[in-house]
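Notes for the one structure printed next.
The values are calculated or read from the model by the stated rules, or taken from the named source; none is laboratory data. Remember, it's a predicted structure, so these values are computed and weren't measured experimentally. Here the Cβ positions follow ideal geometry from the backbone for every residue, glycine too, while neighbour counts run over all protein chains shown.
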Amino acid sequence: MLPTKSMSAGTFPIQKIRADFPILSRKVNGKPLIYFDNGATAQKPQAVINAITHYYTHQNANIHRGVHTLSQELTVVYENARATIQKHINAKNPHEIIFTKGTTDSINLVATSFGKKFISEGDEIIVSAMEHHSNILPWQQLCIEKGATLKVIPINESGELMLDEYKNLLTDNTKLVAITHISNVLGTINPLEQIIEWAHSRNIPVLVDGAQAVPHTIVDVQKLDADFYCFSSHKLFGPTGVGILYGKEKYLNAMPPYQVGGGTIKTVSFDKTEYADLPLKFEAGTPHIEGAIGLAAAINYINEIGLSAISQYENELLEYATRALNKIEGVKIIGTSKNKASVISFVVEAIHNFDIGTILDQLGIAVRTGHHCTQPLMQCYQIQGTVRASFAFYNTTEEIDFFIEALLKAISMLK
Amino acid sequence: MSIEETEQEITEEFELFEDWMGRYEHLIDMGKSLPMIDPKHKTEDKIIKGCQSTVWMHSELKDGKIIYTADSDAIITKGMVALMVRVLSNHTPDEIINAKLNFVEKIGLTQHLSPTRSNGLLSMIKQMKLDALVYKSQQ
């Protein structure tokens, strides 16, 4: 019953991996924790916790400006973290990697800075119906400020983008396409190559919200030819409060600073300020140093396992859970694209998602309930919310069995 | 029956159950037996903010006492509203304002009282007391 057995099929080292995540051995409401809320945030391996502890124990200083040894050593560690991230997503240059507070901050940076320079009245920005609020509101706000128009790519019943409609939305007035790589609700993996190719044929840049994609799949920003790619550390098994904006050098150089202050300058006088080159131009103030170090440790950790092995294992979990859920009467999965990541949203006929989540919590199972910061998407499906189970590579089929059993118990209680 | 007496009665009911399942099942049953709110009161302005599920709460003053009626689209939340209505309804504004509602802790629902908890038990209590304050100021 307990979620510790390795998968019968395959050679994925699940027992060893689970032992790397100390939180997985705790109990919740007297039951072993089953953590299926990885779409909200992922748990942290000991390697990440150790890296942060090591930093505060042995390395702490401020970076980029000290002549003393600690500062110089730590500056190297911090810039090595940037290089680790650059390599991980195959960016051409380290200075195309900007440390931010997270995906939301990265998108706001582009909306504010790119928007200031490149968006004016009558322009159009394209998003999709499956976006997280964080990839809608910055653009909606920008459009209000500039007198521009927000256009929305619709989705079909399976939760896939309607690409023909997208093609029709691209016009001479389109100045940017902002699209999610993987939907946080539907799990749909969007066909980015096609989306980007069509936009580029009209010289329109594309921003990708990669928050849900980086934990599950290999991202190669050069191969994708994305102009901006945003993600958060905490969904990638790293610490909270830090994230990444990848941007092509040509755009980042052309964009004005987002926030200004310490660290962003070459020279300052009361008459004139000359701003620093990339990436420091966009990194005002003392950065989240422990965050960068922790994120690099997380990336090194997942690369030891290998993202292709992770993807394959998570797909097995997804298929296993989908089959089991489809057998339960009254359960309807929202998001049935053939090309999906390990995220399953569902509704249960005549039972509120909040009630299901409450009962599952009593049984030690963490799922997300509600609208998942995607109210326009909920409106598309005419639902109030869903229950969402999102799996990481430390989850097991045994946990899914326990979850299904718990769900059946919840349904029988709540009917 | 005073507010404290009703609280005591509810506490004793919940003590009969040994585990969380029994307590939740009882809560669900209470939700199912909540007197129906008049559908005309299920309007946008009667929705209590801060709940993941939708809660409608209506109150009116009758012979110096406040009568609450409520509903929710989630059954556990409805059970919690039913508890609060059972305890506070049919009392004077002063009695409601001064109610300490210690029973929530005693029946093991304290975790639902956290302000960050999205089911809004705290929001319900606030709204009911706020209504009482309004009626008191009109008296």
Exercise. Which residues, counting only those in the stretch A:266-316, are under 24 Å from the mean Cα position of the chain (by Cα), among the aliphatic types (A, V, I, L, M) and farther than 24 Å from residue A:102 by Cβ?
Worked result: A:309
Seminar exercise, completed: Taking the stretch A:76-102 and keeping residues in contact (Cβ under 8 Å) with a residue 40 or more places away in the chain and over 18 Å from residue A:248 (Cβ atoms) leaves A:77, A:78, A:80, A:81, A:84, A:101, A:102
For this session: Using the structure shown, decide if residue A:374 is among the polar types (S, T, N, Q), buried (at least 21 other Cβ atoms within 10 Å of the Cβ) and either over 26 Å from residue A:158 (Cβ atoms) or within 14 Å of another protein chain (Cβ to nearest Cβ) (or both).
Result: no
Problem set entry | Qualifying position, being at negative phi, assigned to a strand (DSSP E or B) and crowded, with 21+ Cβ neighbours inside 10 Å, among A:152, A:110, A:185, A:208 | A:208
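Please go through the stretch B:27-51 and give me each residue that is closer than 21 Å to residue A:358 by Cβ and either of a type outside the set (D, E, K, R) or within 11 Å of another protein chain (Cβ to nearest Cβ) (or both), ordered by number. Walk me through it before giving the result.
Restricting attention to the stretch B:27-51, the residues satisfying the condition of being closer than 21 Å to residue A:358 by Cβ are B:27-34, B:47-51.
If the condition is that a residue be closer than 21 Å to residue A:358 by Cβ and either of a type outside the set (D, E, K, R) or within 11 Å of another protein chain (Cβ to nearest Cβ) (or both), then B:27, B:28, B:29, B:30, B:31, B:32, B:33, B:34, B:47, B:48, B:50, B:51 are the ones that fit.
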For this session: Give the residues of the stretch A:26-40 that are among the polar types (S, T, N, Q) and surrounded by fewer than 18 Cβ atoms within 10 Å (Cβ to Cβ), sorted by residue number.
Result: A:29
Problem set entry | Residue ID - surrounded by the fewest Cβ atoms within 10 Å (Cβ to Cβ), chosen from residues in the stretch B:12-26 that are within 14 Å of chain A (Cβ to nearest Cβ) and part of a helix (DSSP H, G or I) | B:22
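Which one of A:356, A:351 is buried (at least 23 other Cβ atoms within 10 Å of the Cβ), within 11 Å of chain B (Cβ to nearest Cβ) and at pLDDT 95 or above? Don't jump to the end; show me each part of the working.
On the way: A:351 fails: buried (at least 23 other Cβ atoms within 10 Å of the Cβ).
Exactly one of A:356, A:351 is buried (at least 23 other Cβ atoms within 10 Å of the Cβ), within 11 Å of chain B (Cβ to nearest Cβ) and at pLDDT 95 or above, namely A:356.
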Exercise. Within the stretch A:385-415, which residues are of a type outside the set (A, V, I, L, M, F, W, C), within 12 Å of chain B (Cβ to nearest Cβ) and touching a Leu at 6+ places or on another chain (Cβ under 8 Å)?
Worked result: A:409
Exercise. When you scan the stretch B:52-103, how many residues do you find that are in a strand (DSSP E or B) and either in contact with a strand residue (DSSP E or B) (Cβ under 7 Å, 6 or more places away or on another chain) or within 14 Å of another protein chain (Cβ to nearest Cβ) (or both)?
Worked result: 15
Exercise. Looking at the stretch A:150-204, which of the residues that are among the hydrophobic types (A, V, I, L, M, F, W, C) and within 18 Å of the chain's Cα centre (by Cα) is nearest to residue A:335 (Cα to Cα)?
Worked result: A:186
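On the given criteria, is residue A:20 surrounded by 16 or more Cβ atoms within 10 Å (Cβ to Cβ), more than 17 Å from residue A:298 (Cβ to Cβ) and not assigned by TED's automatic domain parsing to the domain that holds residue A:236?
Numbers: surrounded by 16 or more Cβ atoms within 10 Å (Cβ to Cβ): yes; more than 17 Å from residue A:298 (Cβ to Cβ): no; not assigned by TED's automatic domain parsing to the domain that holds residue A:236: yes.
In short, no.
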